[in-house]
Amino acid sequence: MSTTQLQTPEIELDRIHVVDGFNARRHFDQAELQRMAATIAEHGIVQPLRVRPREDGDFDLVAGERRYRAARIAEVKKVPIAIGTGNPHVEAWIENVHRAALDPIEEAEGLEALAADRGLTTNKAIAEEVGMSRQWVGVRRRLLKLPPKVREAIAAGQLPVDAEPELRRIAAASPRIAECVCELFARGDTETGDFFRDLDELLYAVVDATADGTIEEPPTMIDPRGVRFGQVIDD
């Protein structure tokens, strides 16, 4: 009895083009790409790159940019592909997020891009589109409202996503204070290394760091040891 084995199609790597906006990932670790390239050089690419056809006969990359970049480093000539048939933005984002390949800010930016592309206006509608909970979607979308350096700290894994409510409240009083809190926590000088337990200590530390000049662009501060936070802001 004979069997037929389906072959994954392969095409020249040069025929695949990276299009801005398809891949939700923004940051690529070069050391990781080098390790991946070494594996590809030895064993080839196991998981096909997801692409969609172009009018000129080439293909746009939908998902798999890390594999694409590593294959280039490994000087691979041909790669296996899978043809995407759905919305390319949705396919790219879902593949990355379910593989835990994105940081929280990339997830949030991907959600906003998907919402704009699909005309989705509520967290519920977005959650149904991507197969995640409404709470998960809401938390990530709120991350984009935090100050830039706070977002950078969360993207780098220096702060947990769960810190968003506290950081949002601090940023409402002073965006720069929220950024300074993140900077000091990232230094690892707090007592327990737990953001929530050390939050009061971090606010005091911002005052001290402002006074001794160890913070660049220091915020305007009121010493929390002398004035209660509730006396300065209502919430």
Report summary line: Two pseudo-spin positions, 7 Å from Cα along C-beta at E12 and at K77, lie apart in nanometres by 1.0
Report task. Return the long-range amide H neighbours of I11 (sequence gap of 5 or more, or a different chain), with a cut-off of under 5 Å between placed amide H atoms. Result -> V79, I81
Requested in this report: Grab the Cα-Cα distance for E217 and R54, subtract it from 0.36 nm times how many residues apart they are, and report the gain in nm with one decimal.
Outcome: 53.8 nm
Report task. For H17, enumerate residues with amide H under 5 Å from its amide H, sequence gap 5+ or separate chain, H modeled in the peptide plane. Result -> F59, D60, L61
Report summary line: The extension gain from A173 to Q135, computed as 0.36 nm times the residue separation minus the Cα-Cα distance, is 11.2 nm
Query raised in the report: Listed highest first by mean packing, meaning other Cβ atoms within 10 Å per residue, what order do 132-139, 37-44, 169-176 come in?
Result: 169-176, 132-139, 37-44
Report summary line: A correct Karplus calculation of ³J(HN,Hα) over region 39-47, with 6.51 cos²θ - 1.76 cosθ + 1.60, θ = phi - 60°, whole Hz and x for Gly and Pro, returns 5, 5, 4, 8, 10, x, 8, 7, 9
Query raised in the report: For region 193-204, what does the Karplus curve 6.51 cos²θ - 1.76 cosθ + 1.60, with θ = phi - 60°, yield as ³J(HN,Hα) per residue in whole Hz, taken in order and with x for Gly and Pro?
Result: x, 9, 4, 5, 5, 9, 4, 4, 4, 5, 5, 4
Report task. Could you do me a favour and compute the accessible area per residue for region 96-212, 1.4 Å probe, result in Å²? Result -> 49
Query - Whole-Hz ³J(HN,Hα) from phi, Karplus 6.51 cos²θ - 1.76 cosθ + 1.60, for region 158-173, glycine and proline x - result: 7, 9, x, 4, 5, 7, 3, x, 5, 5, 5, 5, 5, 5, 5, 7
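The values are calculated or read from the model by the stated rules, or taken from the named source; none is laboratory data. Here the structure is a predicted model, which means the values were calculated and not measured. As a convention, Cβ positions derive from the backbone with ideal geometry for all residues, glycine included, and neighbour counts pool all protein chains shown. For accessibility, only protein heavy atoms count, side chains too; no ligands or nucleic acids. Shrake-Rupley method; radii C 1.70, N 1.55, O 1.52, S 1.80 Å.
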